[in-house]
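Scroll down for the structure; my scribbles are underneath it.
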Amino acid sequence: GAGVSQTPSNKVTEKGKYVELRCDPISGHTALYWYRQSLGQGPEFLIYFQGTGAADDSGLPNDRFFAVRPEGSVSTLKIQRTERGDSAVYLCASSLNSGGVDEQFFGPGTRLTVL
Amino acid sequence: AQRVTQPEKLLSVFKGAPVELKCNYSYSGSPELFWYVQYSRQRLQLLLRHISRESIKGFTADLNKGETSFHLKKPFAQEEDSAMYYCALSGWGAQKLVFGQGTRLTINP
């Protein structure tokens, strides 16, 4: 079946601009996660959705970052007033919510470059 | 605080040799530990998790709570094992993963 998809695969923007990154989870997965991976580092947690609600947004670095999942499926990560330090690969993952810590299935990522 | 440390950024071994990728963690409770792998031009995927106690592609990992370690081992490395390996932790009751910085494993022919 189809895995997690993310669009765009690459995004180049200028400092100060607004960007939206989209994630399409595996059908039936109620949990959705966003991570950020900077060069040479492991993925860093940003936010976790259970259904439509953000169950844990403790990883969002500041109020320029916001994410939504209005219908409990597709999610959009929104970054306002982008800064050069926001350049990274943004990963999305989804999982079933079976009660334990489920396997997370990752998307291919969106590479964001802020000039 | 939850933290995962992978002390080796790069590891290179010859085909057929044993390989061990080190992972240490800090967490005050009972964590769940995972190894994720990313092969060239592929997405990040789960390799194994400590609660399943199984061997995947010949790899095993044992959780050592006394040493707070979860090292990944394989007795005979194969060229297709070349990849980026990430150790990850999930705290009790939490779903998010805390990743180490990763180890790039290269298997030389």
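Each reported figure results from applying straightforward, stated rules to the coordinates on display, with no laboratory input. Model, not experiment: these values are computed from the prediction.
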Query raised in the report: Relative contact order for the stretch A:5-96: what is it in percent, counting Cα pairs under 8 Å that are at least 6 residues apart?
Result: 37 percent
Report task. Could you work out the equivalent-ellipsoid semi-axes for the protein assembly as shown, taking the square root of 5 times each eigenvalue of the Cα gyration tensor, largest first, in whole Å? Result -> 30, 20, 16
**Report entry** ³J(HN,Hα) computed for each position of the stretch B:56-66 - Karplus, 6.51 cos²θ - 1.76 cosθ + 1.60, integer Hz, glycine/proline x
**Finding:** 10, 6, x, 8, 9, 8, 10, 7, 10, 5, x
Query raised in the report: Any idea what log10 I(q)/I(0) is at q = 0.11 Å⁻¹ for the stretch A:5-96, Debye with uniform C-alpha scatterers and no solvent?
Result: -0.28
Requested in this report: Quick one: which residues, 5+ away or cross-chain, put their amide H under 5 Å from the amide H of A:Leu96? H built at 1.01 Å from N.
Outcome: none
**Report entry** Listed residues B:Ser52, B:Ser82, B:Ser69, most fluctuating in chain B (Gaussian network, C-alpha, under 10 Å)
**Finding:** B:Ser52
Query raised in the report: Given N residues in chain B, what is Rg(Cα) / (2.2 N^0.38 Å)?
Result: 1.02
